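Single-structure report; data block below.
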Amino acid sequence: MPPPPPRDVLGLARDHEARLLPWLVAFAGLLAALALAGAIAVDAFATRWERGATAHLTVQVPEPDAPAAAPATGEARVGQRQAGQGQEGQTRLAAVLAALRGIPGVALAEPIPRARLLALLEPWLGGEGSTLAQGLPGVIEVTAGRTMPAIAELRAAVEAAAPGAVVEGHGVWVRRLLDLAASLRAIALLAAAAALLVCAGLVVFAVRASIAAHREDLAIVHGLGASDGWLARRFARRFGVLGLWGGVLALALAVPALLALALLAAPFASEPASVAAAGSADSLARLRAAALLLPPSIWAVLALLPAAIGLVSAVTASITARLWLRRLP
Amino acid sequence: MPPASLPLAAGAVVVSRAPLARPGKVWNSQGMVRLDDIGLRYGRGPEVLHGISFSLPEGSFHWLTGPSGAGKTSLIRLLSLTERPSRGTISLFGRNPDGVGRNARQALRRQIGVVYQDFRLLGHLTAFDNVALPLRLAGEREAAIAANTAELLAWVGLAERMAARPVTLSGGEQQRLAIARAVVAGPRLIVADEPTGDLDERQAERLLGLLVSLHRNGTTLLVATHNERLIERFPAPRLALSHGRLVAQDG
């Protein structure tokens, strides 16, 4: 009974040095995983910020309790008439609210209660906030419907209702924030690419070491007529598997690291359920909340990471082997 | 097909093998191996072969003789495509191996069986897998590989040593294993470099008998040796080398 065909014709599995490769690849893979997760998270946050910024704005109304003045100009009169406002005895805040609520596209316009304003200012003003309360402007939060009306239209209506009122569109700082997010995302993607390059570099060194150890055997098999492709496939298979194991180890290291980061970030989440779960005594609930806090695409990318590292390792090993084999006659 | 009268080791089983069977001897005047003004130097060193020209007709058997350092091994390396000539042209089976792509060159290599002086067996593989390797490289089916390899191991008297590693085999057994590997894929040309170098007369005659039996089936054979008794025992035309030059060619 003939023995079964050998799985490792070149004896590559006998290299003890190569057994370290999965661990080295795992650390580079961990960096790649964290960088990719960072890029995805920044992307998700940027999208959320952009959506919030374009859907919300605030209007500041100085002297909110003063009576609304009659519009001075014909244009303002038209604006008030359109909004159905400009009645006698109305405060400036109420006039602006009425003007905003009459504009198509505005889903919600609500004044921020004075107590909440004071609470927001307390960290800066301390107990003095209440004595300054009389000087504070009224602040109205405006939420858009499907599309925010043109900011110029809002400004005209607000100015007509209460001269001196200011519309804060958040556009400038959100744009800066988005620019910052784009830069962070680019840096994170570069870091991930660099980590994968490190993986490839490790494989190159390991393949060269393996070739040096099996130089004689390679020459014999090449002399028997093995094509470069046939020989390179032995290296691709061997180092692809080692890279895959490195990727699995990287995944095993990355998941707890990302969950720990998400747990730390949970109290700052916008979703109340995440905040509540983060404070829960049930560690399983906390972990689940942390996992849900991360964008789902992070888990998808992490799941693909071992295969991606395995593929990078296999292709790198094949190219390295082929380049060396070209030296043989 | 190995003849039944082959002088094999005791206990060897002789069976017919389709891969080794060739139609009757064909003497092709064009020459299946042709060397034209070949020179060879290693790196920037001196030329070790100078202006070698000869042709081997298909199905022929030639001895390659000469004292140590005459260039026999260098010529064998050229014919086994292990080296490229520094000048001149080689034609193997009507093709110039230095004028074809790497895959085509390797395909030519698979038509050449080489028996090395130092056997060049793969120590981590069993005897069976060493012999089966050329068939696996040729993409044969595993069932055919198993049958042919087992048959050939039996032919060289190693049926009982299939699972043995080369290091556990004697010198003679290793040499027979190397011959089995060289012939298993039914090559058109066999070149052997001192295949009986470290063997006693009886073992050497047995091994030469194996090779000559292949020649009788149409395989072209070139054997390098300086064993005159062996040449007398198996008379054939000879190519004689001296100081890297072909000094005599008969037949």
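The values are calculated or read from the model by the stated rules, or taken from the named source; none is laboratory data. Because the structure is predicted, anything quoted here is derived from the model rather than measured. With ideal geometry, Cβ positions are generated from the backbone for all residues, glycine too; neighbour counts draw on all protein chains shown.
Residue pairs whose Cβ atoms lie under 9 Å apart, sitting 6 or more positions apart in sequence or on different chains, and linking a residue in region B:183-202 that is farther than 17 Å from B:SER213 by Cβ to a partner that is aromatic (Phe, Trp, Tyr) and surrounded by 20 or more Cβ atoms within 10 Å (Cβ to Cβ), are B:ASP193/B:TYR116; B:GLU194/B:TYR116.
Output yes when any residue across region A:11-25 is closer than 30 Å to A:LEU184 by Cβ, of a type in the set (A, V, I, L, M) and at pLDDT 85 or above, and no when none is.
yes
Across region A:163-202, the number of residues qualifying as small (Gly, Ala, Ser) and either modelled with pLDDT of 90 or more or at positive phi (or both) comes to 11.
Of B:PRO187, B:PRO166, which residue is in contact with a helix residue (DSSP H, G or I) (Cβ under 6 Å, 6 or more places away or on another chain) and within 13 Å of chain A (Cβ to nearest Cβ)?
Numbers: B:PRO187 fails: in contact with a helix residue (DSSP H, G or I) (Cβ under 6 Å, 6 or more places away or on another chain).
The match here is B:PRO166.
The set of residues in region B:108-120 being buried (at least 23 other Cβ atoms within 10 Å of the Cβ) and either closer than 14 Å to B:THR168 by Cβ or at the interface with chain A (Cβ under 7 Å from one of its Cβ atoms) (or both) consists of B:ARG109, B:VAL114. Beta carbons closer than 9 Å, at least 6 apart along the sequence or on distinct chains, pair a first residue in region A:21-38 that is farther than 10 Å from A:TRP245 by Cβ with a second that is basic (Lys, Arg) and assigned to a helix (DSSP H, G or I) for A:GLY38/A:ARG185.
When restricted to residues that are closer than 13 Å to A:THR316 by Cβ and among the small types (Gly, Ala, Ser), region A:179-215 contains 4.
How many residues does region A:210-230 hold that are at the interface with chain B (Cβ under 10 Å from one of its Cβ atoms) and either surrounded by fewer than 18 Cβ atoms within 10 Å (Cβ to Cβ) or in a helix (DSSP H, G or I) (or both)? Break it down stepwise before answering.
Of the residues in region A:210-230, the ones at the interface with chain B (Cβ under 10 Å from one of its Cβ atoms) are A:214, A:216-217, A:219-230.
Right, trim to either surrounded by fewer than 18 Cβ atoms within 10 Å (Cβ to Cβ) or in a helix (DSSP H, G or I) (or both) and you get A:216-217, A:219-223, A:228-230.
Count: 10.
Taking the residues in region A:145-158 that are over 16 Å from A:ALA94 (Cβ atoms) and modelled with pLDDT of 80 or more as candidates, determine which candidate is farthest from the chain's Cα centre (by Cα). Only one residue fits best here, namely A:ALA156. If I filter region B:86-98 for residues that are at the interface with another protein chain (Cβ under 10 Å from one of its Cβ atoms), touching a strand residue (DSSP E or B) at 6+ places or on another chain (Cβ under 9 Å) and within 18 Å of B:LEU40 (Cβ to Cβ), do I get at least one hit? Looking for residues that are at the interface with another protein chain (Cβ under 10 Å from one of its Cβ atoms), touching a strand residue (DSSP E or B) at 6+ places or on another chain (Cβ under 9 Å) and within 18 Å of B:LEU40 (Cβ to Cβ), one finds at least one in region B:86-98, hence yes. Under the condition of being within 30 Å of A:PRO256 (Cβ to Cβ) and crowded, with 16+ Cβ neighbours inside 10 Å, the residues counted in region A:46-73 number 2. For the criterion of being part of a helix (DSSP H, G or I), in contact (Cβ under 8 Å) with a residue 60 or more places away in the chain and under 26 Å from the mean Cα position of the chain (by Cα), A:VAL198 passes.
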